[in-house]
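What follows is a single structure, written as structure tokens, with notes after it.
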Amino acid sequence: MALFNFGDKELKIHKLAFNGEWKEGANGVVRLEDDVSAVEALLQFMYTFDYDASGSAQNSSSPIAFNVKVYSIAEKYDVAAVETCWDMDDFPDAIARVYDSTPSVDRSLRTIVVDAACKHIDTLLSKQGFCDVLNETLGFASDMTQLLAKSQNRKRSPTRKYRCPDCFNHWEAELDSGSYYHCIRCGVRYFNWASYIV
């Protein structure tokens, strides 16, 4: 058994958590300065891939504030797969807290809330609290715009290379199937350019 030590509180975990050449592996004790309830939730997640996201077991006044703590601890200790609770009423408050409490160069928590907001933008735009934070939180709208623009560029049809059957020149374009197009070199008009993809 190994221990996480928080001053007067200890959490027991499996010794394999310290497998490797760490000083903690030798004595089996890790001293942490982090929020105990957030670390407990993270440990619960590491064992079960789930935790009480409402924060009710930890008497948290705000579930999203509790989750921001858990996500920041997960980021600090490089624990992946912890997901954002974007559909909670206080998600806009979490966005504001993240942007108010992190420098613009620290992308970890900002990326989490921006990714979640972009993924669920249609639903979130119908919520006044989200619209307010979008207007009032410095940097958030800019980060969202950049991510949405990148995702739009990825959704575009890929450019393909075509070979004209008349002049045999190659050219690239984004063509819809079922329409007539002209070769950009010789001007010949064809309906089925898909047959001439190189």
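What about D50, is it at pLDDT 70 or above, surrounded by fewer than 11 Cβ atoms within 10 Å (Cβ to Cβ) and not in a helix (DSSP H, G or I)? Explain how you work it out, then say what you get.
Values: at pLDDT 70 or above: yes; surrounded by fewer than 11 Cβ atoms within 10 Å (Cβ to Cβ): yes; not in a helix (DSSP H, G or I): yes.
Answer is yes for this residue.
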Q. Any idea which of (1) more than 30 Å from I13 (Cβ to Cβ); (2) at pLDDT below 75 is the one D132 doesn't satisfy?
A. (2)
Q) Does I112 meet the test of being modelled with pLDDT under 85 and either assigned to a loop (DSSP other than H, G, I, E, B) or under 26 Å from D50 (Cα atoms) (or both)? A) yes
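Can you work out which of the residues in the stretch 65-80 that are among the aliphatic types (A, V, I, L, M) and either in contact with a Lys or Arg (Cβ under 8 Å, 6 or more places away or on another chain) or farther than 27 Å from C131 by Cα (or both) is modelled with the lowest pLDDT?
Start the filter on the stretch 65-80 by keeping residues that are among the aliphatic types (A, V, I, L, M), which leaves 65, 68, 70, 73-74, 79-80.
This time we only want the ones that are either in contact with a Lys or Arg (Cβ under 8 Å, 6 or more places away or on another chain) or farther than 27 Å from C131 by Cα (or both), so: 65, 68, 73-74, 79-80.
On the way: A65: 72, V68: 75, I73: 78, A74: 78, V79: 71, A80: 65.
Restricting to residues being among the aliphatic types (A, V, I, L, M) and either in contact with a Lys or Arg (Cβ under 8 Å, 6 or more places away or on another chain) or farther than 27 Å from C131 by Cα (or both), the top hit is A80.
So in the stretch 107-119, with the set limited to residues that are within 12 Å of L148 (Cβ to Cβ) and not aliphatic (A, V, I, L, M), which one is nearest to the chain's Cα centre (by Cα)?
As a first pass, look at the stretch 107-119 and keep what is within 12 Å of L148 (Cβ to Cβ): 114-115, 117-119.
The next check asks that each one be not aliphatic (A, V, I, L, M); those that pass are 115, 118-119.
On the way: D115: 4, C118: 9, K119: 9 Å.
Looking at the filtered set, the residue picked out is D115.
The values are calculated or read from the model by the stated rules, or taken from the named source; none is laboratory data. As the structure is a prediction and not an experimental result, all values here were calculated from the model. A quick note on method: Cβ atoms are made from the backbone with ideal geometry, for glycine too, and the neighbour counts reach across all protein chains shown.
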